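Asker: My questions all concern the structure below.
The values are calculated or read from the model by the stated rules, or taken from the named source; none is laboratory data. Here the structure is a predicted model, which is why all the values come from computation and not from measurement. Glycine gets a Cβ as well: all are built from the backbone with ideal geometry, and neighbour counts include every protein chain shown.
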Amino acid sequence: MDALGWDELDVLLINGDAYVDHPSFGAVLLGRWLIAHGFRVGIAAQPRWDTTEDIARMGRPRLFAGVSAGAVDSLLAHYTAFRKKRHDDAYTPGGRAGARPNRACIVYANLVRRAFPGVFVALGGIEASTRRATHYDFWTDALRRPLLLDAKADLLIYGMGERAVLELARRLDRGGDWRGIPGTAWVDRAGDGDDAARPRFMPEGWAERPRMTLPSHAEVLADPRALLRLTQDVERHVHRRDAWAVQPVEDRLLVLAPPAAILSTEEMDALYALPYRRTAHPSYTEPVPAEEMLRTSITGHRGCGGGCSFCSLALHQGRRLSSRSRASIVEEAARLAATARSRRGRGVAISDVGGPTANMWNGRCRLDGDARRLPDGSESGSACRRASCCYPSVCGKFETPQAPYVALLRAVAAVPGVSHVRVASGVRADMALREPEALAAYAEEFTGGQLKLAPEHCAPGVLAAMRKPPLDVFERFLGHFTRLSRFAGREQYVVPYLMSAFPGCTDDDMRELARWLGARHWAPQQTQCFIPTPGTMATAMFYSGCNEQGEPIHVARSDAERLRQHRILAPEFGRAPRHKDRPAGRKHGKS
């Protein structure tokens, strides 16, 4: 701050991740974005929570403090699918667990209140986004109120926060009212009688826009199926884009402004061209594992049209895609190559050019052709009412051209100093099958021995509950991929992601999956037990015991049943290895 000539900060960001100056780290990206727009920003990364010293070191922020748990929900970072403590954290120096607290948004917000009484506090990030309304908390097996009420913060920013955080800083800087910013939520007192679903303070534009009343917190407590309706309504709110939404909670009202408009290609290019160092903070004496994983990856786009029922991206990044230009991505590859030559004297292998789903780059919905950005930073509504652009099949109006993406990958591979390019974030088989030339390129040019694909299961009922395409799509892709790999003389494999104990999945379904794997002589490597993360449709199905249509389904609810299903695919999971000469008095085991 002294070197920059700053006598105080405008904004302080408190974050549960280590400081890695890379655009994949949300607090860093927002910090760079705010600085580029003239605000002075500091970051307190993984501060201690038994003292205020770490967050008070740079002084009281003039405008607000922003709080985030980090790249993942803090409880998901700490506990496995069977509620066992994890022993590592990829976002911490040395990979050690325990550098962020449980329910980090609540703890950090309280810490800010202690350090700076009266300061404005805004929550953001994936933990805040997915917990913005009433939600089921798997780790305590209970429903919880919207996060704002427990964290006692002033505002919650949901989704990707560049527009909202910049508008918040500008409004607070000029003394304007902060309520009504697109992509935010706040708590107000509810009206009386017939006005119970109307806040006492009605922000600008309230009367001109449609409004959605979500099932109240009391309704969800009384009827588990109300969580299904709530989750569906929140999904619709995100995709509809032009409506206010309110949820009555006790004697108060959670108010959700319309979602913020996605960034344009020009804005995405500007955001990713900011001067990131792409390294961890020099004060760290141990490497941050996530830095190693992400150092040579390039974000090509955000958002995912898949709408899989277990994925938080539909709630956070949204289904509409925001893509960078080809020139911007190629320039970033050139910078990576130059950095690699200066540090190691050799070129760079690009591990990924992608996003949530790599081959959705530049995807768009034709129904959005008439969508326009409104003066308040939101967008006009969408005519689409589908829950997924890809289920039960890829929508004919969802354009995902594969040839331009292949041309992009080839352009990156042609950059001097780039040795090769891979697609680590995986592709969707149903989209790749649309264009045989692109499928051939994925198999012959951009797979490094293994290609990740996500059928998740093989049983038709389970795939339907996941909003996944039928298994024959995966099998057709597999046949083409195997043939093309052999033709190219390359030994490489498809690595399928698989899931056990999903809502609607029975032991017989898992045995069917085991037989399907056995017929191909496959030993699963990427198998996970379903974790009900806050806010998703799959979690609502887990809690309510019903599918999306409200019909009863089987749910493996106890840890014993979940473990039994998991062991059908991974028989040795959670069991201690057998040793003939095991030393007396010592326990051996693995989680």
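Asker: Are any residues in the range 485-497 touching a residue at least 12 places away in the same chain (Cβ under 8 Å), surrounded by fewer than 21 Cβ atoms within 10 Å (Cβ to Cβ) and not in a helix (DSSP H, G or I), and if so, which ones?
Answerer: Answer for the range 485-497, where residues must be touching a residue at least 12 places away in the same chain (Cβ under 8 Å), surrounded by fewer than 21 Cβ atoms within 10 Å (Cβ to Cβ) and not in a helix (DSSP H, G or I): ALA488, ARG490, GLU491, GLN492, TYR493, VAL494, VAL495, TYR497.
Asker: Then there is this: Give the number of residues within the range 187-228 that are more than 22 Å from ALA257 (Cβ to Cβ), modelled with pLDDT under 90 and part of a loop (DSSP other than H, G, I, E, B). Outline the logic, then answer.
Answerer: So the first thing to find is which residues in the range 187-228 are more than 22 Å from ALA257 (Cβ to Cβ), and the list is 192-194, 218-219, 221-228.
Then drop every residue that is not modelled with pLDDT under 90, which leaves 192-194.
Pick out the ones that are also part of a loop (DSSP other than H, G, I, E, B) and you get 192.
Matching residues across the range 187-228 total 1.
Asker: Based on this model, can you work out whether VAL238 counts as within 26 Å of LEU315 (Cβ to Cβ) and either assigned to a loop (DSSP other than H, G, I, E, B) or in contact with a strand residue (DSSP E or B) (Cβ under 8 Å, 6 or more places away or on another chain) (or both)? Talk me through it step by step, then tell me what you get.
Answerer: Values: within 26 Å of LEU315 (Cβ to Cβ): yes; either assigned to a loop (DSSP other than H, G, I, E, B) or in contact with a strand residue (DSSP E or B) (Cβ under 8 Å, 6 or more places away or on another chain) (or both): no.
When the stated conditions are applied, VAL238 does not pass them.
Asker: Being in contact (Cβ under 8 Å) with a residue 40 or more places away in the chain and closer than 30 Å to LEU367 by Cα is the requirement here; does LEU263 meet it? Step through it out loud before you land on a result.
Answerer: Details: in contact (Cβ under 8 Å) with a residue 40 or more places away in the chain: yes; closer than 30 Å to LEU367 by Cα: yes.
In short, yes.
Asker: Additional query: Looking at the structure I just gave you, is SER283 hydroxyl-bearing (Ser, Thr, Tyr) and in a loop (DSSP other than H, G, I, E, B)? Can you show your working first?
Answerer: Working: hydroxyl-bearing (Ser, Thr, Tyr): yes; in a loop (DSSP other than H, G, I, E, B): yes.
Criteria met by SER283.
Asker: Of a type in the set (Phe, Trp, Tyr), more than 30 Å from SER264 (Cα to Cα) and in the same structural domain as MET268 (by TED's automatic domain parsing) - does that describe any residue in the range 109-118? Step through it out loud before you land on a result.
Answerer: Taking the range 109-118 first, the residues of a type in the set (Phe, Trp, Tyr) are 116.
Adding the requirement that they be more than 30 Å from SER264 (Cα to Cα) leaves 116.
With in the same structural domain as MET268 (by TED's automatic domain parsing) added as a condition, the list becomes 116.
Looking for residues that are of a type in the set (Phe, Trp, Tyr), more than 30 Å from SER264 (Cα to Cα) and in the same structural domain as MET268 (by TED's automatic domain parsing), one finds at least one in the range 109-118, hence yes.
Asker: Look at the range 268-279 and say how many of its residues are touching a strand residue (DSSP E or B) at 6+ places or on another chain (Cβ under 8 Å) and modelled with pLDDT of 95 or more.
Answerer: 2
Results for (1) outside any strand (DSSP E or B); (2) in contact with a Ser or Thr (Cβ under 9 Å, 6 or more places away or on another chain); (3) surrounded by fewer than 20 Cβ atoms within 10 Å (Cβ to Cβ), shown as yes or no for each residue.
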| site | (1), (2), (3) |
| --- | --- |
| PRO61 | yes, no, no |
| GLY66 | no, no, no |
| GLY70 | yes, no, no |
| GLY94 | yes, yes, yes |
| ARG100 | yes, yes, no |
| LEU111 | yes, yes, no |
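Asker: Among all residue pairs at least 6 apart or on different chains, which show Cβ distances below 7 Å where the first residue, located in the range 93-112, is at positive phi and of a type in the set (Lys, Arg) and the second is surrounded by 21 or more Cβ atoms within 10 Å (Cβ to Cβ) and at pLDDT 95 or above?
Answerer: Taking only residues 6 or more apart or on different chains, the pairs are ARG103/SER74.
Asker: Continuing with this model, one more query. Give the number of residues within the range 286-306 that are part of a loop (DSSP other than H, G, I, E, B) and either out of contact with any Cys (no Cβ under 8 Å at 6 or more places or on another chain) or at pLDDT 95 or above (or both).
Answerer: Of the range 286-306, the ones part of a loop (DSSP other than H, G, I, E, B) are 286-288, 295-296, 300, 303-306.
If we keep only those that are either out of contact with any Cys (no Cβ under 8 Å at 6 or more places or on another chain) or at pLDDT 95 or above (or both) as well, we get 286-288, 295-296, 300, 303.
The qualifying residues number 7.
Asker: Working only within the range 1-48, note down all residues that are among the polar types (S, T, N, Q) and under 17 Å from TYR272 (Cα atoms). Give the steps one after another, and end with the answer.
Answerer: If we filter the range 1-48 for residues that are among the polar types (S, T, N, Q), which is where we start, we get 15, 24, 46.
Matches in the range 1-48: SER24 only.
A quick yes/no check of all residues on (1) aliphatic (A, V, I, L, M); (2) over 19 Å from MET360 (Cβ atoms); (3) over 27 Å from the mean Cα position of the chain (by Cα); (4) at pLDDT below 90:
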{"residue": "PHE398", "(1), (2), (3), (4)": "no, no, no, no"}
{"residue": "GLN402", "(1), (2), (3), (4)": "no, no, no, no"}
{"residue": "LEU409", "(1), (2), (3), (4)": "yes, no, no, no"}
{"residue": "MET431", "(1), (2), (3), (4)": "yes, no, no, no"}
{"residue": "LEU439", "(1), (2), (3), (4)": "yes, no, no, no"}
{"residue": "THR447", "(1), (2), (3), (4)": "no, no, no, no"}
{"residue": "GLY461", "(1), (2), (3), (4)": "no, yes, no, no"}
{"residue": "GLY504", "(1), (2), (3), (4)": "no, yes, no, no"}
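Asker: I'd like the full set of residues that are in contact with a strand residue (DSSP E or B) (Cβ under 9 Å, 6 or more places away or on another chain) and either crowded, with 21+ Cβ neighbours inside 10 Å or under 30 Å from PRO532 (Cα atoms) (or both), limited to the range 459-484.
Answerer: Matches in the range 459-484: VAL462, LEU463, MET466, LYS468, PRO469, LEU471, VAL473, PHE474, GLU475, PHE477, LEU478, PHE481.
Asker: Let me ask another. If LEU254 passes every condition in (1) part of a helix (DSSP H, G or I); (2) crowded, with 18+ Cβ neighbours inside 10 Å; (3) of a type outside the set (Ser, Thr, Tyr) but one, which one does it miss?
Answerer: Here LEU254 meets the rest and fails (1).
Asker: Still on this structure: Please enumerate the residues belonging to the range 411-427 that are within 11 Å of TRP361 (Cβ to Cβ) and among the basic types (Lys, Arg). Please lay out each step first, then the result.
Answerer: The first filter runs over the range 411-427 and keeps only residues within 11 Å of TRP361 (Cβ to Cβ), leaving 423, 425, 427.
If the condition is that a residue be within 11 Å of TRP361 (Cβ to Cβ) and among the basic types (Lys, Arg), then no residue fits.
Asker: Further question: Only one residue in ALA245, ALA226, ALA197 is of a type outside the set (D, E, K, R), surrounded by 18 or more Cβ atoms within 10 Å (Cβ to Cβ) and touching a strand residue (DSSP E or B) at 6+ places or on another chain (Cβ under 6 Å). Which one?
Answerer: On the way: ALA226 fails: touching a strand residue (DSSP E or B) at 6+ places or on another chain (Cβ under 6 Å); ALA197 fails: surrounded by 18 or more Cβ atoms within 10 Å (Cβ to Cβ).
Sole residue among the options that is of a type outside the set (D, E, K, R), surrounded by 18 or more Cβ atoms within 10 Å (Cβ to Cβ) and touching a strand residue (DSSP E or B) at 6+ places or on another chain (Cβ under 6 Å): ALA245.
Asker: So which pairs qualify, if the first residue must be in the range 25-36 and closer than 9 Å to GLY161 by Cβ, the second must be hydroxyl-bearing (Ser, Thr, Tyr) and outside any helix (DSSP H, G or I), the Cβ gap must be under 8 Å, and the two must be at least 6 apart or on different chains?
Answerer: Here the result reads GLY26/SER68, each pair linking the range 25-36 to a residue that is hydroxyl-bearing (Ser, Thr, Tyr) and outside any helix (DSSP H, G or I).
Asker: Out of everything in the range 520-570 that is more than 30 Å from HIS217 (Cα to Cα) and part of a loop (DSSP other than H, G, I, E, B), what residue ends up being modelled with the lowest pLDDT?
Answerer: Residue satisfying both the conditions and the ranking: GLN525.
Asker: Okay, moving on. Taking ASP269 as the residue in question, decide whether it is part of a loop (DSSP other than H, G, I, E, B) and not small (Gly, Ala, Ser).
Answerer: Spelling it out, it is not the case that ASP269 is part of a loop (DSSP other than H, G, I, E, B) and not small (Gly, Ala, Ser).
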